[in-house]
Amino acid sequence: MRLPRFEYVLPKTIDEAIAVLSEEREAKLIAGGTDILVSMKQRVTTPKQLVSLREIRNIEYIDNGNGNLRIGALTTLNSIEESAIVKEKFPMLARSAGDVGAPQHRYAGTIAGNICLDTRCIYYNQSHFWRKCRPVCYKLGGEEANCSGFETWQGFPSPKGNVCYAVYSGDTAPSLIALGAEVKINGPEGERVIPLRTLFTGDGKKPFTLGPGDILTEVILPNPSQYSAGVYLKLRLREAIDFALVGVAANISLDSKGGVCEEARLVIGAVASKPVEVAIAEDILVGKRITDNLIKEVSEAAYSEAPPLPNISGCSQEYRKKMVRVLARRAITSALDKI
Amino acid sequence: MKTLVELKVNGETYEIAIDTHRTLLEVLRENLGLTGTKEGCDLGDCGSCTVLLDGKPLNSCLILAVEARGRNILTIEGLAEGGKLHPLQQKFVDHGGVQCGFCSPGMIMSAKALLDRNSSPTEHEIKRAISGNLCRCTGYVKIVEAISAAAENEA
């Protein structure tokens, strides 16, 4: 498949890139290109301009500062996976970066690109040839959702109307949210730092709260407390290349080894249009010594709070749903083992 | 719109005018005639088009040719020296790591990237390094054997 034509823009600074993006609404950013070039080949997106970040200096770094770790937007997933400091402080992040795609994607793909991964759907991420036999779907600017295949799944309402059910399947975001990450956004109005969880809208059609001209430039991770550990588990058909069918990130902090739980975050990826935080996990676990029964209670809560949407291919919705419960239990148990 | 781009491929510098929407894979095969690098899925799923950019294995179907300027590109054609196969290529032949041959260039480039960084990889590391390369003859066992033999040879 050939790429559509576009104008290639190579700004030298972030401000230049912001200016281009704010002026031309149909411009898109390219960093590693492993996702957007596929979408462009499939004519899912056909930007007028492609703004490359390649020439911009100083946005590729892993900086272990006071009290936090800062990762520049263009840092590749491979550098994160192999970074000694990330492996030491945030093994969960190293693991989830290493779970993305295949080596070829991780050498090219960047952390900001992975966070800003577009939502996906079996009716949307298809070739132009495949799609043209159906009405234009809502995510592509059509009148209503076109996911009529949903009707064949039991227990799920037919999603006609103005809702897009595309799934967010980024691997690093659930881990980063569980670790309490913030992101720095540079835009026409200047610079701002927001909690990563607020980057997501939950709307499959427009998954991010970024405005025109906004660029995610840095990820900031607060230092982990002494007795804490996180685990990310990814369900997929093959051990490489595939997007997640379910991703579960659990991060647990205790007050001492084998002690009382101070903080517990459970985030489920690839089940909805944004990473889903199981807030009730915190209510159940914090202030208590974690027992098998409590873990069971939390994984039941994850099971009922994060039912997967049925529009990614690979296996049945029922199986993915059950695996949310299994993976939540495994992730919490294995995080506790690591403390 | 065409742009003048300097590409360093297998140690040679080519100055060519290319459209910005063309991928490195297209330019290697169609402009430079280097058809050793294969086009499989063209969507980054199969790894047939793997080349090394500054020593890193990347899918050339997912790189704009203009973005490869100034970087050292190594393709399968750049491995043999003076008509003699690279040790990795030779081991693929010796161990039956080549069946239909379509995945071999990509497999060998991924393996080369691994061995350049890690001269004595474990079986698991080898499998992980070639996890982005699909072999539809499913000859993975022989491929892993060939790569470990090449590693032992180098060590």
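The values are calculated or read from the model by the stated rules, or taken from the named source; none is laboratory data. No experiment lies behind these values; they were computed from the predicted model shown. With ideal geometry, Cβ positions are generated from the backbone for all residues, glycine too; neighbour counts draw on all protein chains shown.
Do you know which residues across the stretch A:90-142 are surrounded by fewer than 18 Cβ atoms within 10 Å (Cβ to Cβ) and of a type in the set (Val, Ile, Thr)? The answer is A:122, A:136. Within the set B:87, B:105, B:121, the sole residue that is touching a strand residue (DSSP E or B) at 6+ places or on another chain (Cβ under 8 Å) and on the phi < 0 side of the Ramachandran plot turns out to be B:105. In the condition set (1) modelled with pLDDT of 95 or more; (2) in contact with a helix residue (DSSP H, G or I) (Cβ under 9 Å, 6 or more places away or on another chain), residue A:204 is compliant with all but (1). Filtering the stretch B:1-53 to residues that are part of a strand (DSSP E or B), within 14 Å of another protein chain (Cβ to nearest Cβ) and closer than 26 Å to residue B:118 by Cβ leaves B:50, B:51, B:52, B:53. From the list A:211, A:204, the lone residue that is part of a loop (DSSP other than H, G, I, E, B), free of Cβ contacts under 8 Å to residues at least 60 places away in the same chain and more than 14 Å from chain B (Cβ to nearest Cβ) is A:211. Only one entry in A:31, A:27 is modelled with pLDDT of 95 or more, of a type outside the set (S, T, N, Q) and surrounded by fewer than 22 Cβ atoms within 10 Å (Cβ to Cβ), namely A:27. Against the list (1) within 14 Å of chain A (Cβ to nearest Cβ); (2) under 15 Å from the mean Cα position of the chain (by Cα); (3) without any contact (Cβ under 8 Å) to a residue 60 or more places away in the chain, the condition residue B:124 fails is (2). Could you tell me how many of the residues in the stretch B:54-78 are more than 14 Å from residue B:106 (Cβ to Cβ), surrounded by 21 or more Cβ atoms within 10 Å (Cβ to Cβ) and more than 8 Å from every other protein chain (Cβ to nearest Cβ)? Residues meeting the conditions: 3.
Of all residues in the stretch A:224-267, those satisfying the criterion of being touching a strand residue (DSSP E or B) at 6+ places or on another chain (Cβ under 6 Å) and in a loop (DSSP other than H, G, I, E, B) are A:225, A:227, A:244, A:245, A:255. Of all the criteria given as (1) among the aromatic types (Phe, Trp, Tyr); (2) farther than 26 Å from residue A:106 by Cα; (3) within 18 Å of the chain's Cα centre (by Cα), the one not satisfied by residue A:319 is (3).
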